[in-house]
1. Order of 219, 184 from fewest to most other C-beta atoms within 10 Å?
2. First check a/c for segment 130-189, with a ≥ b ≥ c the square roots of the eigenvalues of its C-alpha gyration tensor; if it is under 1.5, answer rounded, and if not, answer prolate when a/b is larger than b/c or oblate otherwise.
3. Over segment 104-299, what is the relative contact order in whole percent, taking alpha-carbon pairs under 8 Å and six or more residues apart?
4. What distance in nm separates the two pseudo spin-label positions at residue 222 and residue 204, each 7 Å out from Cα along the beta-carbon direction?
5. State, to one decimal in nm, how far the label point of residue 240 lies from the label point of residue 126, with both points 7 Å from Cα in the Cβ direction.
6. Tell me, 85, 224 in order of fewest to most beta-carbon neighbours within 10 Å?
7. Full extension from residue 213 to residue 277: what is 0.36 nm times the residue separation minus their Cα-Cα distance, to one decimal in nm?
8. For 137, 181, 99, what ranking results if the residue with the fewest other Cβ atoms within 10 Å of its Cβ goes first?
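Here, each number is a calculation from the coordinates, and none is a lab measurement. All of these numbers come straight from a predicted model, not from anything done at the bench. Don't worry about glycine lacking a Cβ; one is built from the backbone with ideal geometry, like all the others, and counts go over all protein chains shown.
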C-alpha cells in the first residue's frame, strides 16, 4: 500500500491509492508548528489510529483525528511508503470520480496556483465557522422560502458579500479563499460559497451554468426560484427570457443544474481567459493542466 500526502506550511493531507484488497482512505491532520501538537505529533496520532485499524479491521473506533474512511480495513503486511504529493496530484485525486467530487474542497484548491502556501484546512475551517453562523441566523425558519430569505440577508447584507463590479476581471475574484476574505467575487465563486453554505440546511439548491452569467436555482414549494449570485436578487421570468434571447435557445435548456465538474471547468475557463489577457503564462499553464485533468475524467 502506498500512502500519498499533500502538505503545506499548516496542513497535511494523506490519502491511499485504492489498490486491490485495500479500502479508500482520506484523512487530514491539521497542525500548528508553534503549538504543542506539531507536524510530527499530529502525524503520529493519525498513524497510530491507522495502524490500529489495520490490525483490528475496525470501522472507526480506533481512528485518529479527522480520519475519514469508507470501507472496513483489511490487515496486510505490505510496507507503507509515504510519497509527497504536489497540488496538481492532489486536485487529480479530488476530481477522479466525476460523480462524487467534493466541490468546496476542489474549488478552494484552485487557489494553490496563485498561492502555493495556501492553508486549505484553515480556509475550510473558516468556511465552516461561517456555515455555523448562517445556520444559527436561519434557526427557527418555518418554510424553505423563509430559510432562503434569511440566508440571503445573512450572506449579502449581514456579511457583506457582493459582486466585484469595480474590478470584475481580477483573478482574486476567482479564488475562493480570497473571496471569503474580501467578500467580493464574481457570480460563480459567490454561487459556490452560498450554495455550499445553505445546502446543509436542507435547501435544494444548484448552480446553473447560464451563458455569460452563472446563476443559482432553488426548488421551493411555491416553485423554482432563480437567483443572481452577483447581487442575491431573485430573477423574474421576464428577466430570464431577456437574458436568454441572444442565445437562441429555449430558456428551460439553459436552466439545467451544473455538476461539480462543470462548475470547476467554468471556474478554470474564467481563469484561463484572465491569465491569457494579463500575460500570466506560468499561472495559465497551471490552469490548463487542471482543465486537462477534468477533461480526462470525463473521457474516463
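1. 219, 184
2. Values: a/c = 3.08, a/b = 2.34, b/c = 1.31.
Prolate, because a/c is 1.5 or more and a/b exceeds b/c.
3. In percent, rounded to a whole number, it is 18.
4. Going by the 7 Å Cα→Cβ label model, 1.7 nm.
5. Reported label-point gap for residue 240 and residue 126 is 3.4 nm.
6. 224, 85
7. Stretched fully, the residue 213-residue 277 segment lengthens by 21.1 nm.
8. Ordered by Cβ neighbours within 10 Å, fewest first: 99, 181, 137.
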